[in-house]
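The structure under discussion appears below in the form of structure tokens.
No lab work stands behind these numbers, since they all come straight from the coordinates. Just so it is clear, the model here is predicted, and its values are computed rather than measured. Neighbour counts run over all protein chains shown; Cβ positions are idealised from the backbone, glycine included.
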Amino acid sequence: MPEYKQHVLVCDVVRDDEKHCGDKGGGDVKKKFAEVLAANDLRNDVYLSSVGCTSQHGLCQMDQASVIIYGVNNQGTWYVADVDDVETLVNEHIKNGIIVSSLLNEKMKVKI
Ligand code: FES
């Protein structure tokens, strides 16, 4: 089993009220992460999974989903992202450790 260095959790929860991430962009965002991680030969370094509802879907517009990236030092960064944001998250955050400020979930931002 690979020793993963980072973990990407994409919310793709579907509910009858059609207001949850999977009713918006969750499934497509997760699929795009799989494609971009594979294209960058990162599937053995980055574990990709779904995550249950963390009550962030109210922040997500249509086509968006709640995304959490855990990485170095067990730091978690919360984003709201759509399919078009995935390459940026992989290139900036996952490959270079740069937080993508424009996509941060402001509600979950840690205040120091
Ligand atoms: S369904 Fe994604 S945060 Fe609630």
Practice problem: Give the angle, between 0 and 90 degrees and rounded to the nearest 10, that separates the Cα long axis of helix 26-39 from the longest principal axis of the Cα atoms of the chain. | Solution: 10
Exercise. Could you list which residues have their amide H under 5 Å from that of residue 63, counting only those 5 or more apart in sequence or on another chain, with H placed in the peptide plane?
Key: 25
Quiz item: Which residue, 17, 28, 41, has the most motion in a Gaussian network model of the chain that connects Cα atoms within less than 10 Å?
Solution: 17
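Within a 10 angstrom radius of the beta carbon, how do 77, 88 rank from fewest other beta carbons to most?
88, 77
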Exercise. Could you run the Karplus curve 6.51 cos²θ - 1.76 cosθ + 1.60 with θ = phi - 60° over region 94-102 and give me ³J(HN,Hα) per residue in whole Hz, x for Gly and Pro?
Key: 6, 7, 10, x, 9, 5, 8, 4, 5
Quiz item: Ordered by residue, what ³J(HN,Hα) values in Hz, to whole numbers, does region 6-11 give under the Karplus form 6.51 cos²θ - 1.76 cosθ + 1.60, where θ = phi - 60° and Gly and Pro are x?
Solution: 9, 9, 9, 10, 10, 7
Quiz item: Which of the cysteines in the chain are isolated, no other cysteine C-beta under 4.7 Å?
Solution: 53, 60
Practice problem: Could you run the Karplus curve 6.51 cos²θ - 1.76 cosθ + 1.60 with θ = phi - 60° over region 75-87 and give me ³J(HN,Hα) per residue in whole Hz, x for Gly and Pro? | Solution: 7, x, 10, 9, 10, 10, 9, 10, 4, 6, 8, 5, 4
Quiz item: So, in nm, how far is label residue 75 from label residue 39 when the simple model puts each one 7 Å beyond its Cα toward the Cβ?
Solution: 2.7
Self-check item: Environment charge at residue 25 (Cβ cut-off 12 Å; Lys +1, Arg +1, Asp -1, Glu -1)
Solution: -3
Quiz item: In terms of modelled amide H atoms, which long-range or inter-chain residues lie less than 5 Å from the amide H of residue 50?
Solution: 10
Self-check item: Partners for residue 107 among lysines (Cα-Cα distance below 22 Å; same-chain residues under 8 apart left out)
Solution: 19, 24, 30
